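Written out below as structure tokens is the structure these notes cover.
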Amino acid sequence: MLDKVRSHITHWANTTLSYAGKVALINSVIFGIHNFWGASVLLPKGIVKKIHKMCKDFLWGIEDGQRRMVFKSWESLCRPRKEGGVDIKEILSCNKEQMMGWIKKIETDAPNIWVKWVNAYILKSVSFWNFQITTVHSWFWGNIITCRDNLVLYTGGIQQAKQLLLTPEYKSLIYECLRSKGPVQSYHRTLGEPLNIPKHSFIGLLAAENRLPTVDNLCQRGMVLVNRCVLCESAAETAAHLFFECPYSAEVWFQVSRWMQVPIQASLSQTLRWYKLHNRGSALVKRQRRCLLLCAIYLLWKERNRRIFKGLSSTPAALIWQI
Ligand SMILES: [Zn+2]
């Protein structure tokens with residue numbers, strides 16, 4: 001029954017939602033898990049693994065019982081946009097972050113009946129920071145002591161842990177300490193522009209990292225044997241060719257470059273570099289340029305997919321009109 005419901009939801013998501021839409025839905029579900037379960041118990045690793053699998057299946061889609069092609073690792077998607085991710089919250093780190101709320105209540109002696117009970121019947125006269133767990137204590141209490149030990153380990157000592165708990169933003173600081181980290185990406189301002197349409201940013205991110213399923217990428221995995229660009233039908237399809245070298249794309253860029261008043265670049269990496277170093281003008285103009293760039297990349301990718309999967313095609317002039 002559960003599998004049937006899951007397959008209906010996956011089918012609905014695949015036919016109606018973009019990747020960016022699915023990411024928003026995943027974040028909303030994970031937020032609910034954190035607010036309810038994550039603040040009450042330390043989730044077992046097996047459960048976290050199962051939630052991750054369900055989220056990944058939902059995001060990339062399922063076909064004949066198998067997950068479709070994965071374009072980007074889950075770990076990298078969970079990083080902030082600055083580090084090339086899409087800001088999905090890491091379940092395990094968020095769970096630990098939420099559990100720290102209990103430790104803060106004990107440490108600050110919050111006016112709470114649970115804290116009074118802990119002091120009277122569990123800790124008695126022993127300091128919370130030196131308390132040792134035994135077999136008579138509950139699973140929940142064991143979770144709190146595990147989080148306490150993690151906190152001391154990450155902050156470097158009991159005094160540092162106590163100081164951290166006294167800061168108002170202690171939860172976000174703890175999450176920052178626990179989450180996996182990656183290098184800051186040079187293109188993050190262009191892709192993270194708030195005016196961008198989210199689905200444009202998502203495809204732009206995959207294009208910038210050469211993770212889109214272009215024919216050359218599929219050939220490397222042995223999934224396709226013939227490599228031919230569907231836009232010009234005269235060269236092999238690579239990300240570099242599809243987005244910039246192809247005569248079809250060049251015609252689109254010629255017009256877009258005139259509007260944006262930017263020189264035409266030879267590749268996506270050069271274009272992103274140009275935006276980082278030379279994007280001059282008023283704040284609005286700079287933001288509009290970023291939007292137009294991402295919009296053009298998204299529509300070129302969409303045009304390529306329409307030709308392959310629907311047998312429909314548009315002229316460069318029609319694409320420019322859409323942009
Ligand atoms: Zn081409």
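State whether the residues of segment 90-113 include one that is of a type outside the set (Ser, Thr, Tyr) and closer than 28 Å to Thr16 by Cα. Talk me through it step by step, then tell me what you get.
Taking segment 90-113 as the starting set, the residues that turn out to be of a type outside the set (Ser, Thr, Tyr) are 90-92, 94-107, 109-113.
Keeping just the survivors that are closer than 28 Å to Thr16 by Cα gives 90-91.
Yes, some residue in segment 90-113 is of a type outside the set (Ser, Thr, Tyr) and closer than 28 Å to Thr16 by Cα.
Tell me which residues, restricted to segment 209-228, are within 13 Å of the ligand (Cβ to nearest atom) and touching a residue at least 24 places away in the same chain (Cβ under 8 Å). I'd like the intermediate steps shown before the answer.
Filtering segment 209-228 for residues within 13 Å of the ligand (Cβ to nearest atom) gives 214-216, 227-228.
Selection gives Thr214 alone.
Could you please find all residues in segment 251-261 being open to solvent by less than 80 Å² (accessible area, probe 1.4 Å) and without any contact (Cβ under 8 Å) to a residue 12 or more places away in the chain? Full working, then the answer.
Restricting attention to segment 251-261, the residues satisfying the condition of being open to solvent by less than 80 Å² (accessible area, probe 1.4 Å) are 252-253, 255-257, 260.
Matches in segment 251-261: Ser257 only.
Could you look through segment 135-175, keep only residues that are of a type in the set (Val, Ile, Thr) and assigned to a helix (DSSP H, G or I), and pick out the one that is surrounded by the most Cβ atoms within 10 Å (Cβ to Cβ)? Working first, answer last.
To start, the set of residues in segment 135-175 that are of a type in the set (Val, Ile, Thr) comprises 135-136, 144-146, 152, 155, 158, 167, 174.
Next, from what is left, pick out any that are assigned to a helix (DSSP H, G or I): 144-146, 152, 155, 158, 174.
Numbers: Ile144: 22, Ile145: 15, Thr146: 14, Val152: 16, Thr155: 18, Ile158: 15, Ile174: 26.
Applying the filter and picking the extreme gives Ile174.
With respect to His200, is the statement that it is open to solvent by 20 Å² or more (accessible area, probe 1.4 Å) and away from the ligand (no atom under 14 Å from the Cβ) true?
On the way: open to solvent by 20 Å² or more (accessible area, probe 1.4 Å): no; away from the ligand (no atom under 14 Å from the Cβ): yes.
The answer is no for His200.
Scan segment 229-286 residue by residue and report those that are away from the ligand (no atom under 11 Å from the Cβ), more than 20 Å from Leu218 (Cβ to Cβ) and of a type in the set (A, V, I, L, M).
Hits for segment 229-286 are Val252, Val256, Met260, Val262, Ile264, Ala266, Leu272, Leu277, Ala283, Leu284, Val285.
Which condition from (1) in a helix (DSSP H, G or I); (2) hydrophobic (A, V, I, L, M, F, W, C); (3) more than 29 Å from Leu77 (Cβ to Cβ); (4) in contact with a helix residue (DSSP H, G or I) (Cβ under 8 Å, 6 or more places away or on another chain) is the one that Leu284 breaks?
(4)
Hey, among Leu195, Leu205, which residue is more than 16 Å from the ligand (Cβ to nearest atom), in contact (Cβ under 8 Å) with a residue 12 or more places away in the chain and open to solvent by 40 Å² or more (accessible area, probe 1.4 Å)?
Working: Leu205 fails: open to solvent by 40 Å² or more (accessible area, probe 1.4 Å).
After ruling out the rest, the residue left standing is Leu195.
So which residues in segment 14-43 are outside any helix (DSSP H, G or I), at pLDDT 80 or above and either open to solvent by 60 Å² or more (accessible area, probe 1.4 Å) or of a type in the set (S, T, N, Q) (or both)?
Ser18
Which residues, taken from segment 79-120, are in a helix (DSSP H, G or I), free of Cβ contacts under 8 Å to residues at least 40 places away in the same chain and open to solvent by 10 Å² or more (accessible area, probe 1.4 Å)?
Answer for segment 79-120, where residues must be in a helix (DSSP H, G or I), free of Cβ contacts under 8 Å to residues at least 40 places away in the same chain and open to solvent by 10 Å² or more (accessible area, probe 1.4 Å): Lys105, Ile106, Ile113, Trp114, Lys116, Trp117, Asn119, Ala120.
The values are calculated or read from the model by the stated rules, or taken from the named source; none is laboratory data. What you see is a predicted model; the values in this text were computed from it and never measured. When we count neighbours, we look across all protein chains shown, and the Cβ atoms used for this are built from the backbone with ideal geometry, even at glycine. What goes into the accessible areas is simple: the full protein's heavy atoms, side chains included, and nothing from ligands, DNA or RNA. Shrake-Rupley method; radii C 1.70, N 1.55, O 1.52, S 1.80 Å.
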